[in-house]
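Asks: One structure coming up, written as C-alpha cells, with questions to follow.
The values are calculated or read from the model by the stated rules, or taken from the named source; none is laboratory data. All of these numbers come straight from a predicted model, not from anything done at the bench. Positions of Cβ are generated from backbone atoms using ideal geometry, with glycine treated the same way; all protein chains shown enter the neighbour counts. The accessibility values were calculated without ligands, DNA or RNA, using every heavy atom of the protein model including side chains. Shrake-Rupley method; radii C 1.70, N 1.55, O 1.52, S 1.80 Å.
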Amino acid sequence: MERFRRIIQLLSAFFANSRLFVTPSNPIYRGPLKHVCFPGLNCYSCPASPWACPLGALQNVLSNFKANLSAGKFNIGFYIIGSLGIIGSLIGRMPCGWFCPFGLLQDLLFKVRLPKLEFWRPLSFGRYVALFGLVIILPMFWLDRFGFGQTWFCKYICPAGTLEAGLPLLAMVPELRSMVGTLFFSKLTILLLFIVWSMVTLRPFCRAICPLGLIFGFFNRFSWLRLKFNRDTCVDCYACELVCPTGVYFATGKDDINSTKCIRCFRCYSLCPGGAVTIEFSSIMKGRYEGIEGSDCNQEQRQA
C-alpha cells in the first residue's frame, strides 16, 4: 500500500506541474485550465502548473466579495466551495496523503537521517487560526479604501507558493529581482523553517498550519470513504500510532480514527496485525456498507 501511495504521489506531483514548455516571456500559464482547481496545495503562480490552487482561489473570491457586492455581483465562489465539498464528501482528507505535492515533499524530507522530534500537539490549533483568520476573516474584512482585501495566507505565509512560484519566477525573470524585499525574505525564512522541521518531524506543515487540509479534514467523519476501528480485535501493539504521519492516536483513545488530522494514507490499515482497522464505504441512498475486512492472506502480509 505504501509503495502504491508513493507512486500516486509522484504521478500527482507531475500532473500538478505538467506544463513542460515555460518561457521567461510567458512564465505563468493563464489558459482555460487555470479555472480548474487542483485538489492539493499547488501554487497558481507556479510556472509549471496549469491549474489553480483551491486555497488561493477561495481567498481571491473572499477578498473581492465586498467590492463585487457593491457592484451588484453576488459571488462567494460556489464552484470553489462546491468542488472542495464534493471531494471532501467523497474521500475526506485523502488528497493530502495521496495527491498534494507539498505533502510529498515533506514525506521525502523526513527520510533524511537526522534525530527525530515529536510534534507538540497544541500546535495543531494553528490550522484553525490559518483557515478562519488568514483565509476567511482577514480577506473579507480587512479592506483597502476601494473595498478590496488581500490573499493573506498566500501573500504572507504559504511556503508552497515560495517554493513553486517565488523562487522559480525570480530565476526566470531577472526584472523581478529588483523588487525583492522584506516580504520575500520573510516568506523564504518560513519555507526554510518548514524544510528543516520536515526533516525531523513528520508533516509539520500539514499538522500545524495547512488550511486546505483542515477544510478536507472537516469531512472525515461524514465522507463516503471512512476508516473504522474495532477495539475488540486490537492487539495493543500501537503500530498504528507509531507509523501515523499526522499523529492520530486512536488506539489509546486520544483521537477519533476519523479525526480532522487523518490524511487517509492507510498506513494503519496496512500494518495492523489484528485487522482492527478497516475501510468502509457509505451509500447515501442505501445506508452504510460495512468495511473491507482483510483476508487471512492480507493479515499475514500485514504482519510481514
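Asks: With an 8 Å cut-off on Cα pairs and a minimum separation of 6 or more residues, tell me the relative contact order of the chain in percent. The partial results should precede the final answer.
Replies: Numbers: 523 pairs, mean separation 61.7, N = 304.
Computed over the chain, the figure is 20 percent.
Asks: Now a separate question. May I ask you to order 57-67, 31-41, 176-186 by the average number of other C-beta atoms within 10 Å around their residues, highest value first?
Replies: Numbers: 57-67: 21.5, 31-41: 17.3, 176-186: 10.9.
The packing order, highest mean first, is 57-67, 31-41, 176-186.
Asks: Once you've got the Cα coordinates, tell me which of Lys66/Lys155; Lys155/Lys261; Lys155/Lys254; Lys34/Lys187; Lys111/Lys228; Lys116/Lys261 are over 31 Å apart.
Replies: Details: Lys66/Lys155 20 Å; Lys155/Lys261 25 Å; Lys155/Lys254 35 Å; Lys34/Lys187 24 Å; Lys111/Lys228 29 Å; Lys116/Lys261 20 Å.
Table pairs above 31 Å Cα-Cα are Lys155/Lys254.
Asks: Something else about it: Keeping the other protein chains in place, figure out the carbon and sulfur percent of the accessible area of the chain, with a 1.4 Å probe.
Replies: About 68 percent, which is the carbon plus sulfur part of the accessible surface.
Asks: Taking only complete DSSP H runs, can you tell me which helices of the chain stretch 20 Å or more along their own long axis by Cα positions and average at least 1.6 on the Kyte-Doolittle scale?
Replies: Details: long enough: 2-16 (21 Å, 0.49); 182-200 (28 Å, 2.05).
Passing helices, by number: 182-200.
Asks: Now for a different question. What accessible area per residue, rounded to a whole number of Å², is obtained for the chain using a probe radius of 1.4 Å? Walk me through the intermediate numbers first.
Replies: Working: 15690 Å² over 304 residues.
With the other protein chains kept in place, the chain gives 52 Å² per residue.
Asks: For a test of the definition: using alpha carbon positions, the gyration tensor, and the 1.5 limit on a/c, classify the range 1-109 as rounded, prolate or oblate. Don't skip to the end; give the middle numbers.
Replies: Values: a/c = 2.74, a/b = 1.40, b/c = 1.96.
Oblate is the answer for the range 1-109, as a/c is 1.5 or above yet b/c matches or exceeds a/b.
Asks: Follow-up question, since we're still on this one. As a check on your grasp of the helix formula, calculate [θ] at 222 nm for the chain: sum -39500 (n - 2.57) over DSSP H runs of n ≥ 4, divide by the residue count, round to the nearest 500.
Replies: Details: 15 runs with 122 residues, N = 304.
Result for the chain: -11000 deg cm²/dmol, rounded to the nearest 500.
Asks: Shifting gears a bit: Take each of the peptides 119-131, 14-26, average the number of other beta-carbon atoms within 10 Å over its residues, and list them starting from the highest.
Replies: Numbers: 119-131: 15.8, 14-26: 12.8.
Averaged packing, sorted descending, gives the order 119-131, 14-26.
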